[in-house]
Structures are given as structure tokens and as C-alpha cells.
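Okay, so here's the structure we're looking at.
Please treat every number below as a calculation from the coordinates, not as lab data. Remember, predicted model here, so these are calculated numbers, not experimental data. Backbone-built Cβ (ideal geometry, glycine too); neighbour counts: all protein chains shown.
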Amino acid sequence: MRTSVDPPSLTGEDVRCLPDPVLGQRCAEVDPLAADVVALGAAMLALMSASPACVGVAAPQVGVGWRVFVIDVTGHRKARTQHGALVLANPRVVERTGEDVAREGCLSVPDLTGDVPRARGIVVAAVEVGTGRRRVVEADAFEARALQHEIDHLDGLLFLDRVRTPAGLHQRKRYA
Ligand SMILES: [Zn+2]
């Protein structure tokens, strides 16, 4: 597993897909002020912006086993709470409320989407990469789902692991 970011920019070619074993590993906590962690966060943000319909990227998806992810659901039609672009490390879910099942996809699982049960609302405590500021993010609906999806990546879990029945898996539509 990589422990540093080289090169400091990322493209779609850096995205690890199933069955890459890095996606199944539990990631390590990091120093949110370390230069290579800050560089990774910036590169992941850029990758997210450059990837159509992408609302989050977690470090293991680019081959790095660190507890770092980025998320931005701004303007998404299913989003209610919107905290803008976040680059967070060492997240912890401190509260979960309700449950919802909705369709999810993932850059690392290019061919499938799935109907995934998640808490409807969550409170996540984390530290902001680059500032070290402690953040407590209270999210619901689509943003809560995206946060849970990214935090799962840091524990080596994919949305596929949470789909309850074979009927809950779907071939992804191709637009190109
Ligand atoms: Zn994913």
C-alpha cells in the first residue's frame, strides 16, 4: 500500500477498482497537518471535481491507506444539508438516526449500482485536512449517505457489502 502521494496530482487512471485489495483494508489515522496528507487531500478534491457525477473520493480509492476523504454534494438534486467541499481525516460517526434505502454507485465499482440501506441522518466528528480544525458535521439525506459511503471506504467496505439481496444490484447504464 502506498504511504505517500507521488505524483501529487491524480487522474481517473489512478482510481483503484474492484478487486484491488487496497479497497478491502482498514486505513490508518493520519496527521491532518502533514504535508503529504494535505497534498493528497488537494489532489483528491481535484480528482472529484474532474469526475462526472462524483460526490466523494476516499484515499484507498487512489491506493493510499489513510483515513482521509473528500466530499461535495453541492447542488445535487437529492441533497438537503450541504456543507460544501470538505476534506476530512480520521472521521468518527457519533450519531445515526433513521434508515433509508437508495441507489449508490462508486468510482471503484464501475459496472454496478446498488440499493443500499443507510442511516437517514448522521453526525460525524472529524478533523479538517490542512487546518487541523475539529469539525462536527450534522448531515441528512444525500449528504449523510455520501458521508457513510466514504467512511465505509476507510474501513475497507464497499457499497456492495451492504446490499441486502441480489435484486438490489443493478448493471450501470452506459452513457458514452
Ligand atoms: Zn465509493
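Entry remark, the range 120-164: residues being away from the ligand (no atom under 16 Å from the Cβ), in a helix (DSSP H, G or I) and within 15 Å of the chain's Cα centre (by Cα) number 0 in total. Looking only at the range 33-63, residues that are touching a helix residue (DSSP H, G or I) at 6+ places or on another chain (Cβ under 8 Å) and either buried (at least 16 other Cβ atoms within 10 Å of the Cβ) or part of a loop (DSSP other than H, G, I, E, B) (or both) come to 15 in all.
For Leu47, the conditions (1) within 20 Å of Gly130 (Cβ to Cβ); (2) touching a residue at least 12 places away in the same chain (Cβ under 8 Å); (3) away from the ligand (no atom under 16 Å from the Cβ) all hold with the exception of (3).
Pairing each residue of the range 115-142 that is under 20 Å from Met44 (Cα atoms) and free of Cβ contacts under 8 Å to residues at least 60 places away in the same chain with any residue that is surrounded by 15 or more Cβ atoms within 10 Å (Cβ to Cβ) and hydroxyl-bearing (Ser, Thr, Tyr), provided the two are 6+ apart or on different chains, yields no C-beta distance under 8 Å. Just one of the numbered conditions (1) within 13 Å of Ile151 (Cβ to Cβ); (2) among the hydrophobic types (A, V, I, L, M, F, W, C); (3) within 14 Å of the ligand (Cβ to nearest atom) is not true of Val55: (1). Restricting the range 74-102 to residues that are among the polar types (S, T, N, Q) and not in a loop (DSSP other than H, G, I, E, B) leaves a set whose member that is surrounded by the fewest Cβ atoms within 10 Å (Cβ to Cβ) is Thr97.
Checking Gln25 against (1) farther than 18 Å from Arg133 by Cα; (2) in contact with a Lys or Arg (Cβ under 8 Å, 6 or more places away or on another chain): exactly one of these is not met. Which one? The single condition Gln25 does not satisfy is (2). Just to be sure, is Val116 more than 12 Å from the ligand (Cβ to nearest atom) and assigned to a strand (DSSP E or B)? Here the answer is no, as Val116 does not meet what is asked.
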